[in-house]
Each structure stands twice: as C-alpha cells, then as structure tokens.
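This report concerns only the one structure given below.
The values are calculated or read from the model by the stated rules, or taken from the named source; none is laboratory data. Since the structure is predicted, the reported quantities are computational estimates derived from the model, not experimental observations. Neighbour counts are summed over all protein chains in view; Cβ atoms, including those assigned to glycine, are modelled from backbone coordinates with ideal geometry.
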Amino acid sequence: MAAKGEGAMGVGKPEDCKSLTVAAVVVTLEKEEETAACLTSLLESSHQVDRIILVDNGSQDGSIDRLARRFASRPSVEIYRNARNVGYAAAANQGVRQVLDEVDAILLTNDDAELPPTSLPALVDGLVRHPEAGVAVPRIVLASDPEMTWRGPSRFSWFKAGAVDPERGRSDWDSSLSDQFVGTATGCVALVRSETFRRVGLFDERFFLYGEDTDFLFRVRKAGMRVLFASGTAVRHRVPTAEICPGSEFTAYHMARSHVLVLRKHARGPLRLYAIAVHLLVHTPGVAVRMLRHSGLRAVGGWIRGSFDGLRENRNEREEGSESG
C-alpha cells in the first residue's frame, strides 16, 4: 500500500521485510494477566522478535515473580526489575538501552496491548518501504470491541492544543486504506528505528506518565523524519472505552501535568500562552465533567493539581530532559 497524507515522499529501495531485526520493550506494573497476553502475542508474531525486554516498574503484588515462572522456558523474554515506580519514560529507556545497539528497530508496547501475528510484519514492512519514516504505528482498537477505534490517524492541532483523531470511537474503519503519514500518534504500540533513537535521543524522563510519546514524536518530526500510520493492521488495547477520561486521581494528575509540559516545551511566545489557556479554560472543564460522571471529585482535583504543577515545573531544568540517552 502506498503511503499518503502530509505530502508525498521519496521512495527508497525496498528491502526484504525480514531484513529488519526487532527487539521489544514492555513496561509493566501489577498487570499479570494483561502482560502475559502481551508477551504471548509477541512470541507468536509472524516476524521474529529477537529479545523481549520486560521492565517491571516496582510491582509489589508478586505478579512479576509469577510472570518470571510462566515464561522461564522462553529465553527471549528477559525481566528487569525496578525497586520502585520510576515512571514510564525512565523504565522504557532502561529497556531501549539494553537492545539499542543490537537490532534495527525496537517495538514499544503497553503491557495491556495484544498484537495479532501479522501486526509486527506490517509495521516492519512500512519502515522498510518508507525509509524516511522513523516510527511506524498501527491502529489501536478496543479489546472488548475490535471494530471500535481507540486511536486512529492523528495530528496535533495547536488551535485545539492537543491531538485530533477524527476516527476515535468510530466502528467503520477500513482495513484496506493506504498507509499514511501522521502528525502524532499514541505510544501504546510503536515500532521505532534504532537510528531514530540515536538521532533524537531517548524519552524525556520528566514525563513520568503520559506525554512522553507526544514529545518524542515532535522531536522525530523536527529531525526531518516521518511518522507512518499502518492503516491495515490493528492492535487490541484493554481499555474500557474510547473516551478520554482519567479513571483515578493518579492518572488524572499525570495526564494533565504531562500535557502542560508538552505545551510548554514545544510552543513558544504567544502560542505557548494560548495553548496553556486552552488547556485550562477548554480542556479542563470538559474533562472535569466526564471525571465527575465516571471517576469522582478526587480525579478532578488530581487534574487541577497536575495542571498547575506542570506550569510550576522548574524552567531551568535541562530543556532536553534525558533525551541524549
């Protein structure tokens, strides 16, 4: 399928799909069954995954010990344990460093995502056919309703100060559509060239939870690389709904804080002021209504605290965070 969207691109010489070696990084925290399903899907992929790095982010419920026993006979599954939750970006960086110099591309996947056997081959094929793409992502659908899109082809709108995804929540997506370039994507599942990490750095560890993917893709595009959306493959994500609604005070806090950090980092001057105003005056009331309906008042408080903590973040910290790796 030819790539489209965001303008035409040059076409390099295609290689055999199997010529790209791949390792996977999965960060987990007390999600035993979801993680087991994720790992199994990677092991059953039609494209070989040379190493699967599972980074446990401080689980205290014994789940990581049980996972270690369940996958003890699979030498490609390697487990690294953190004594505490260091945040997603830092944990993912741990995994990336383990394999960065050994493979051509690294698959980052949430522990509650499951890849059909053909999904990774489709992502690899996308990178092979489109050498200017630094990252390839699939469509993400609800595990409970695989016809419904959780995240489709997206772009970042400064007018709306956030990602715009016209296909979120829709059940009429067409798997025969051509691949296309997109402005942004979720990091739920992403195949990243190792060279991309070497050029733009690893994830910025100031993003404890959420936002590290948006920030990373901003940097990818600023470096002159493209983000490829593989329209014909879908990965299942175990989330309850396609609606954006933080389910707890903790997630609300970090979602809001990280969103503000993205706006502060990638906008300048009047645009930054405008984007933060949209976050506070438009996003916050809308999300608050949904949280009051589904998550409760404490979640609303978490969102508000996260927003203002994002604004108060030390502006003298290293602008690039841990991007240098």
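Any idea which of Trp173, Trp150 is more than 15 Å from Arg219 (Cα to Cα), part of a loop (DSSP other than H, G, I, E, B), assigned by TED's automatic domain parsing to the domain that holds Leu107 and of a type in the set (A, V, I, L, M, F, W, C)? After ruling out the rest, the residue left standing is Trp173. Residues in the stretch 65-85 that are without any contact (Cβ under 8 Å) to a residue 40 or more places away in the chain and either touching a His at 6+ places or on another chain (Cβ under 7 Å) or part of a loop (DSSP other than H, G, I, E, B) (or both): Phe71, Ala72, Ser73, Arg74, Pro75, Ser76, Ala83, Arg84.
Taken as a whole, the structure places Asp179 among residues that are crowded, with 22+ Cβ neighbours inside 10 Å, acidic (Asp, Glu) and more than 30 Å from Gln98 (Cα to Cα). Take the residues in the stretch 90-131 that are of a type in the set (A, V, I, L, M, F, W, C) and in a loop (DSSP other than H, G, I, E, B), then tell me which one is nearest to Thr21 (Cα to Cα). Checked the stretch 90-131; the qualifying residue nearest to Thr21 (Cα to Cα) is Val103. A Cβ distance below 6 Å, combined with a sequence gap of six or more or placement on separate chains, defines the contacts here; from the stretch 170-190, residues that are among the basic types (Lys, Arg) reach residues that are modelled with pLDDT of 90 or more and surrounded by 22 or more Cβ atoms within 10 Å (Cβ to Cβ) in the pairs Arg170/Thr149. Does Glu205 satisfy the condition of being of a type in the set (Asp, Glu), modelled with pLDDT of 95 or more, surrounded by fewer than 21 Cβ atoms within 10 Å (Cβ to Cβ) and part of a loop (DSSP other than H, G, I, E, B)? Considered against the rule, which asks whether it is of a type in the set (Asp, Glu), modelled with pLDDT of 95 or more, surrounded by fewer than 21 Cβ atoms within 10 Å (Cβ to Cβ) and part of a loop (DSSP other than H, G, I, E, B), Glu205 comes out as yes.
Among the criteria (1) at pLDDT 95 or above; (2) of a type outside the set (Lys, Arg); (3) buried (at least 23 other Cβ atoms within 10 Å of the Cβ); (4) closer than 21 Å to Met255 by Cβ, the one Phe156 does not fulfil is (3). Selection over the stretch 292-314 of residues that are farther than 12 Å from Tyr253 by Cα and of a type in the set (A, V, I, L, M, F, W, C) gives a count of 3. His254 - would you say it is of a type outside the set (Gly, Ala, Ser) and under 16 Å from the mean Cα position of the chain (by Cα)? Yes, satisfied. Where residues in the stretch 67-114 are polar (S, T, N, Q) and surrounded by fewer than 19 Cβ atoms within 10 Å (Cβ to Cβ), which of them is nearest to Cys38 (Cα to Cα)? Filtering the stretch 67-114 for residues that are polar (S, T, N, Q) and surrounded by fewer than 19 Cβ atoms within 10 Å (Cβ to Cβ), the one nearest to Cys38 (Cα to Cα) comes out as Ser76.
Being outside any loop (DSSP other than H, G, I, E, B) and over 14 Å from the mean Cα position of the chain (by Cα) is the requirement here; does Val137 meet it?
no
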